[in-house]
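Student: Supplied in structure tokens, the structure appears directly below.
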Amino acid sequence: MCGHTPNYDRAWGYARGLLIERAQASECDLVAKLHFEAREFGYFYNNGAWKTDRKKRAPITSVALQDIAKSRKLPITYTCVPPGSGVRVGIDRDEDSVLDGDEAWVYNRNFTTSNIDDQLIQ
């Protein structure tokens, strides 16, 4: 596991690159987590892009994920997990095919997840 507040130094770029290489080599699944206000945002690295924990959101690039974190001064936690467990750890913890971000909205209507999503992405 590797948590980092992005300052984009060389050492961190190298470490992140190693994690991505391990995932591309199928040695692990790579997930990332961001926390913004009261919400955790999960991402699963798949085929060169980060799948989000909201069905309506398209996958994003590594650069886009870093830019989101940098613009909000948010730490990103990257974790290599055993192959086959990335979806569960990153975006669908109970493996019910309803992504974690979508469940947060369904189960707590007072929790304005879509507004927080929009604030984070902007």
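The values are calculated or read from the model by the stated rules, or taken from the named source; none is laboratory data. Owing to the predicted nature of the structure, the values given are computational and were not obtained by experimental measurement. Here the Cβ positions follow ideal geometry from the backbone for every residue, glycine too, while neighbour counts run over all protein chains shown.
Student: Please go through the range 25-38 and pick out each residue that is closer than 15 Å to Val81 by Cβ and either in a helix (DSSP H, G or I) or not aliphatic (A, V, I, L, M) (or both).
Tutor: Ser26, Glu27, Cys28, Asp29, Lys33
Student: Moving on. Please work out which one of (1) modelled with pLDDT under 95; (2) part of a loop (DSSP other than H, G, I, E, B) is the condition Asp118 fails and give its number.
Tutor: Of the numbered conditions (1) modelled with pLDDT under 95; (2) part of a loop (DSSP other than H, G, I, E, B), the odd one out for Asp118 is (2).
Student: Let me ask something else about it. Test each condition in (1) over 19 Å from Asp102 (Cα atoms); (2) in contact (Cβ under 8 Å) with a residue 60 or more places away in the chain for Phe36 and report the one that comes out false.
Tutor: Every condition holds for Phe36 apart from (1).
Student: Checking the condition touching a Ser or Thr at 6+ places or on another chain (Cβ under 7 Å) and not hydrophobic (A, V, I, L, M, F, W, C), which residue from Arg22, Arg57, Arg39 passes?
Tutor: Among Arg22, Arg57, Arg39, only Arg39 is touching a Ser or Thr at 6+ places or on another chain (Cβ under 7 Å) and not hydrophobic (A, V, I, L, M, F, W, C).
Student: Mind checking which residues of the range 86-104 are surrounded by 13 or more Cβ atoms within 10 Å (Cβ to Cβ), out of contact with any helix residue (DSSP H, G or I) (no Cβ under 8 Å at 6 or more places or on another chain) and either in a loop (DSSP other than H, G, I, E, B) or of a type in the set (A, V, I, L, M, F, W, C) (or both)?
Tutor: Val87, Val89, Leu99 - these are the residues of the range 86-104 that are surrounded by 13 or more Cβ atoms within 10 Å (Cβ to Cβ), out of contact with any helix residue (DSSP H, G or I) (no Cβ under 8 Å at 6 or more places or on another chain) and either in a loop (DSSP other than H, G, I, E, B) or of a type in the set (A, V, I, L, M, F, W, C) (or both).
Student: Counting only residues that are surrounded by 19 or more Cβ atoms within 10 Å (Cβ to Cβ), in contact with a Lys or Arg (Cβ under 8 Å, 6 or more places away or on another chain) and at pLDDT below 90, how many does the range 1-60 have?
Tutor: Count: 1.
Student: Mind listing whichever residues of the range 66-85 are surrounded by fewer than 19 Cβ atoms within 10 Å (Cβ to Cβ), hydrophobic (A, V, I, L, M, F, W, C) and touching a Cys at 6+ places or on another chain (Cβ under 8 Å)?
Tutor: Selection gives Val81 alone.
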